[in-house]
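**Student:** Quick one: this structure, given as structure tokens, is what I'll be asking you about.
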Amino acid sequence: MDYDAALDVALNRLHDEGRYRTFIDIERRRGKFPHATWVRPDGTERDITIWCGNDYLGMGQHPEVLAAMHEALDTTGAGSGGTRNISGTTVWHKRLETELADLHRKEAALVFSSAYVANDTTLSTLRVIFPGLIIYSDELNHNSMIEGIRRFQGPKRIFRHSDLAHLRELLAADDPAVPKLIAFESIYSMDGDIGPIKEICDLAEEFGAMTYLDEVHAVGMYGPRGAGVAERDGQMHRIDMINATLGKAFGVFGGYIAASAKMVDALRSYAPGFIFTTSLPPAVAAGAATSVRILKTAQHLRDAQQMNARILKARLKGLGLPIIDHGTHIVPVHVGNPVHCKMLSDMLLEQYGIYVQPINFPTVPRGTERLRFTPSPVHDARQIDSLVKAMDALWRQCALNRAEASA
């Protein structure tokens, strides 16, 4: 076989479909977020404003978080020394897990190298812990959940997105005595819509199912202590397993599961993605624990972020741009064509110093390509105004559709 030719075919297919992904070199400057520096291929530099980051609250620049990381780095060194089972468990990891368990009002938490790994390895391991388990999964669940359920090697049911009637139908069709788990998200990040948590919990109780909730895009952002949408809606106690990340609102790195002590103990003992992976560096764990602690009482940051999101949506709507608005902090603008989406992204960067990556297939379905903006508390009125004016100018220049109603 001509392997080089096969690689050419695979890469050319991405180019032909307009969804070849390019990465630009950016340098974040300490204390300057959302400002950054774009280093062009020719070595020249330009100041840009980041509008697509997942460091939703700017905690990656918080002085207390950085101080905690420096302290742990100076105390312990760079790495953790191994997997948690061999030599990689430190006081920093235990402090982080204690903070996370307290955040979600659960008995325990378990830290993984990422929320992706936490989802993948947890969902794929549950069949070993609960023989015969059936997983019911929302069709728009994140790729990490989908992959974990695929590797689950047990019966699975896919229900239409947030369709309670379809979920009920699937639950009712299965043996009442068989163990069941419903896996879904609180905020679906591409559209910014919220899953019907209470109603799914009601169905879980009715049919004797466990609940597994991904709060990745909500943790730190919603609820009186930043535990997520389930906390905001008074449903957190009804969720058996919560998955979330340390790399978005908390601004650091890593993922975790929060659940009962027995559930965490079982996952710790059976999950390959935990057992065989080097643990987070202590400095990362220390920074994450500090960020979690701070955000438990930082309602002002959540309020400021929500205000900026509402302002940006209102102004884009006023221009007739086809935004998708489900009342969350995520601001998607529908483009519907991968080539146009990439062109708009490039023009925003090159002409206006605005950095927002195009979201194309397979992250979203074909025909729903979009630009996805994530305003933060540290985006100011001038930056919002610059973005709105740039979008207005480009929509006019490219003769794109404007709609009074949101997409």
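The values are calculated or read from the model by the stated rules, or taken from the named source; none is laboratory data. If you're wondering where the values come from, they're calculated on a predicted model, not measured in any experiment. Glycine also receives a Cβ, built like all others from the backbone with ideal geometry; neighbour counts cover every protein chain displayed. To get the accessible areas, we keep the full protein, side chains included, count just its heavy atoms, and leave off ligands, DNA and RNA. Shrake-Rupley method; radii C 1.70, N 1.55, O 1.52, S 1.80 Å.
**Student:** Give me the percent of Cα-Cα pairs in region 254-300 that sit more than 14 Å apart, rounded to a whole number. Don't skip to the end; give the middle numbers.
**Tutor:** Numbers: 695 of 1081 pairs.
Tail fraction, whole percent: 64.
**Student:** Further question on the same structure: Once you put a point 7 Å from the Cα of residue 147 and another 7 Å from the Cα of residue 8, both along the Cβ direction, what distance in nm separates them?
**Tutor:** My value for the distance between the label points is 3.0 nm.
**Student:** Can I ask one more? Quick one: the Cα spread of region 215-270 along its three principal axes, in angstroms, biggest first?
**Tutor:** On the principal axes, region 215-270 reaches 31, 27, 13 Å in Cα extent.
**Student:** First compute the accessible area of the chain with a 1.4 Å probe, then give the percent of it belonging to carbon and sulfur atoms. Write down the numbers at each step before the final one.
**Tutor:** Values: 9540 of 17710 Å².
Solvent-exposed carbon and sulfur of the chain make up 54 percent of the total.
**Student:** When only alpha-carbon atoms count, how far does region 1-95 stretch along each of its three principal axes, as whole angstroms with the largest first?
**Tutor:** For region 1-95, the Cα extents along the three principal axes come out at 50, 41, 25 Å.
**Student:** Given a cut-off of 26 Å, name the pairs among 296/317; 32/389; 156/313; 106/198; 180/248; 32/94 whose C-alpha atoms lie farther apart than that in the structure shown. Intermediate values should be presented prior to the final figure.
**Tutor:** On the way: 296/317 33 Å; 32/389 23 Å; 156/313 38 Å; 106/198 18 Å; 180/248 30 Å; 32/94 31 Å.
Over 26 Å apart, Cα to Cα: 296/317; 156/313; 180/248; 32/94.
**Student:** Given the -39500 (n - 2.57) contribution per DSSP H run of 4+ residues, what per-residue ellipticity at 222 nm results for the chain, rounded to the nearest 500 deg cm²/dmol?
**Tutor:** It comes out at -13000 deg cm²/dmol, rounded to the nearest 500.
**Student:** Please list the three semi-axes, largest first and in whole Å, of the ellipsoid equivalent to the chain, using sqrt of 5 times the eigenvalues of its alpha carbon gyration tensor. Don't skip to the answer; put the middle values down first.
**Tutor:** Numbers: eigenvalues 230, 145, 101 Å².
The equivalent ellipsoid of the chain has semi-axes of 34, 27, 22 Å.
**Student:** Please compute the volume of the convex hull spanned by the alpha-carbon atoms of region 153-277 and report it per residue in Å³.
**Tutor:** Values: hull volume 16.1 nm³, N = 125.
Taking the convex hull of the Cα positions in region 153-277, it is 129 Å³ per residue.
**Student:** Here's a follow-up. Using each residue's phi in region 138-144, evaluate 6.51 cos²θ - 1.76 cosθ + 1.60 at θ = phi - 60° and report the 3J(HN,Hα) Karplus result to the nearest Hz, with x for Gly and Pro.
**Tutor:** 4, 5, 9, 4, 4, 3, 5
**Student:** How long is the gain from residue 300 to residue 177 if the chain were fully straight, where each residue apart is worth 0.36 nm and the alpha carbon distance is subtracted?
**Tutor:** Working: separation 123, 0.36 × 123 = 44.28 nm, distance 4.70 nm.
Residue separation times 0.36 nm, minus the Cα-Cα distance, leaves 39.6 nm.
**Student:** Taking only the alpha carbons of region 171-245, what extent do you get along each of the three principal axes, in Å, biggest first?
**Tutor:** Cα extents, longest axis first: 38, 25, 19 Å.
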